[in-house]
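Report on one structure; see the data block that follows.
The values are calculated or read from the model by the stated rules, or taken from the named source; none is laboratory data. What you see is a predicted model, and the numbers here were worked out from it, not measured in a lab. Don't worry about glycine lacking a Cβ; one is built from the backbone with ideal geometry, like all the others, and counts go over all protein chains shown.
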Amino acid sequence: MLKSIEKNNNLLFVDPDPLDIKLSKNSFLNNFLNKIMKNKGAIIGSVILLFFIITSALAPIIAPYPVNEMNFDDSLQGPSLEHWLGTDEFGRDIWTRMLYGGRVSLLMGLFAVTISGTIGVTLGVIAGYYRKLDIYIMQFIDILMTFPSLLMAIAIVAVLGVGLTNAMIAVAISAVPSFVRVVRGSVLSIRETEYVEAARALGVKNWRIIGKHILPNVISPIIILATLEFGGSILSAAALSFLGLGAQPPNPEWGALVYVGKSFLSQAWWMTLFPGLAIMLVVLGFNLLGDGLRDALDPKSN
Amino acid sequence: MNQPLLSVKNLKTHFPIKKKLFNNGTHFIKAVDGISFHVNKGETLGIVGESGCGKSTMGRSILRLIEPTEGSIMFEGIEVTTLNQTDLRKLRSKMQIVFQDPYASLNPKMTVGAILGEALSTHQLGKSAKERKKKVENLLLKVGLSPTHIGRYPHEFSGGQRQRIGIARAIAVNPALIIADEPVSALDVSVQAQVLNLFQDLKETLGLTYIFIAHDLSVVRHVSDRIGVMYLGKIVELSDKKQLFQNPLHPYTQALMSAVPSLDPDIKKNRIILTGDVPSASNPPTGCAFHTRCKFRKNVCESVNPREIEVIPGRFVNCHMYDHEFREDFK
């Protein structure tokens, strides 16, 4: 076989399957958008999230009443045209308070995910890449994981003290282990690939290998996890506030609204139902979007 | 005779397995178990052997991508095994590797320009980005690709083209030695020939030296000057290409050679069919590793490790059959 080809040594290079079709530069992005658009769950999730993000952002403009103004004449009113979602025991408009509460809840989620993501990705990359440190980091993470995350968040708040910032830190810390585990696992598989080996054979420095070869290839699971953790963090933060460990009255965080409403559950169901519904919808939205992203970013699904 | 470019002495790479709580890594996979050879400047040393015999581990151990357990690797008069990371990094430009799987050896998130540019900037070849781009374009031309491919991603290329990119990355840093780890076994046969010819062309124009690892005998025959046959972590026969194919000495080599198909249908071949499986490298047979499948087996093979015997100058074989000491046993 080879001998016959040897004779035609001066044959020009002809690729058996030429790929000279002009591929657009952002084929990856286009492909990704196509997949997302086909995923109904992701669309519904995005719409829900966009609704809450926009209404929270525009809260000062679209809120019909001042957020903390009390009006005892209107206390514990059911949903009506004047007060769409009713009023609380001090006559404050629930819709208004939910708009402002959304800002707190969403921001808490954002900060918690940012903090836990940064710490988690750093630790995960170190554990996955520098194998000697792996056992120490992972045993520490395993210890953290033995606590249910809400229980750990409560413990952290108990140490740091009650308050919004501390609740946020507590939620962030309790979300770190899942980031570490996911990132470490991905890094472990990427560091054994031949292109990382090729980079090492070239003498590329470790931090450059991490930055250029490993991080870009583990970014998909990180994005997916961050989306899912976003919802989880909002839920945890709301749970902490509900337990009275997070946002303090009169601060209108969603969890705190549910907490206040629970005392009036038999007289004013709207005080708990609507903030609770908001929490549920936002978490649902993030989960739907996260699942959609997972399917869209998975190279195997076409 | 001038000094060889690379000389490997008694190289061993063992992997610990089964780390038990109270029995800390006493068990080893002996992937490479005492290999010695040398490569002269400008020649191609082919390494053949079946899957799992340690060919790739040997190649990676020479580059210290896997840390060897024991032995010495002299490259251009420098002992590689004891180099610290900084010196090793500098030396890396002199020894490069081309991988087997062109689909796994290129980062899917980097363009061809970035992949080759990284090789250049790591070793400060090309002062400015513009100069490097020029060099990258030259490299692409050298390996038979077009400079217009510079902004494309690996998934836009076919297997053969990807392997060319892998080769371009290896030659980008002006190496003296390239370890080619089964560089064509993942390619179609028609593309294989083209890539092999590219290797030959580059060897002539750039004065390269190759260690060419493969399991395809016809491929090794095509490219090599000398060939080493590996079995279970050891080189059992090391010889000139011509002599090896005409007159294989080691029983394992004989079995391999008998499996090479011939173009002439009239030649009746005595095919030697090996029975049994390759023994596990974690628990290799005593004595000669091949004795479990060897048809010339004698008692001595089961107990005594064969020595390396220089049958004629430059031709080594690890078999008792050619050892004067055991001549009596094989009468």
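For segment A:145-153, check the following and say yes or no: at least one residue is surrounded by fewer than 20 Cβ atoms within 10 Å (Cβ to Cβ), on the phi < 0 side of the Ramachandran plot, among the polar types (S, T, N, Q) and modelled with pLDDT of 95 or more.
No, segment A:145-153 has no match at all.
What number goes with the only condition from (1) more than 30 Å from A:L297 (Cα to Cα); (2) in a helix (DSSP H, G or I) that B:G52 does not pass?
Answer for B:G52: the failing condition is (2).
Take the residues of segment B:234-284 that are modelled with pLDDT of 90 or more and among the hydroxyl-bearing types (S, T, Y): which is farthest from B:I47 (Cα to Cα)?
Here the answer is B:Y252.
Among the residues of segment B:55-78, which ones are without any contact (Cβ under 8 Å) to a residue 60 or more places away in the chain, more than 13 Å from B:A31 (Cβ to Cβ) and not in a loop (DSSP other than H, G, I, E, B)?
B:I78
If you check B:A186, B:A180, which single one turns out to be buried (at least 21 other Cβ atoms within 10 Å of the Cβ) and either outside any helix (DSSP H, G or I) or out of contact with any Ser or Thr (no Cβ under 8 Å at 6 or more places or on another chain) (or both)?
Unique residue meeting the criteria: B:A180.
If you scan segment B:276-305, which residues turn out to be in contact (Cβ under 8 Å) with a residue 24 or more places away in the chain, closer than 22 Å to B:F28 by Cβ and not hydroxyl-bearing (S, T, Y)?
Scanning segment B:276-305 gives B:V278, B:P279, B:A281, B:P284, B:C288, B:A289, B:F290.
Out of segment A:45-90, which residues are part of a helix (DSSP H, G or I), of a type in the set (A, V, I, L, M, F, W, C) and farther than 19 Å from A:G102 by Cα? Step through it out loud before you land on a result.
Quick first cut of segment A:45-90, residues part of a helix (DSSP H, G or I) only: A:45-57, A:59-62, A:72-74.
Within this subset, residues satisfying the condition of being of a type in the set (A, V, I, L, M, F, W, C) are A:47-54, A:57, A:59, A:61-62, A:72.
Selection gives A:F72 alone.
Looking at segment B:97-120, which of the residues that are hydroxyl-bearing (S, T, Y) and within 30 Å of B:T57 (Cβ to Cβ) is farthest from the other protein chains (Cβ to nearest Cβ)? So that I can check it myself, show each step before the final result.
Filtering segment B:97-120 down to residues hydroxyl-bearing (S, T, Y) leaves B:103, B:105, B:111.
Keeping just the survivors that are within 30 Å of B:T57 (Cβ to Cβ) gives B:103, B:105.
Details: B:Y103: 9, B:S105: 4 Å.
Filtering first and then ranking leaves B:Y103.
Filter segment A:189-208 down to the residues that are under 17 Å from A:R131 (Cα atoms) and touching a Phe, Trp or Tyr at 6+ places or on another chain (Cβ under 8 Å), then identify the one that is farthest from the other protein chains (Cβ to nearest Cβ).
Per the stated criteria, the residue is A:R191.
Please find, within segment B:121-155, the residue that is nearest to the other protein chains (Cβ to nearest Cβ) out of those that are β-branched (V, I, T) and assigned to a helix (DSSP H, G or I).
The qualifying residue nearest to the other protein chains (Cβ to nearest Cβ) is B:T122.
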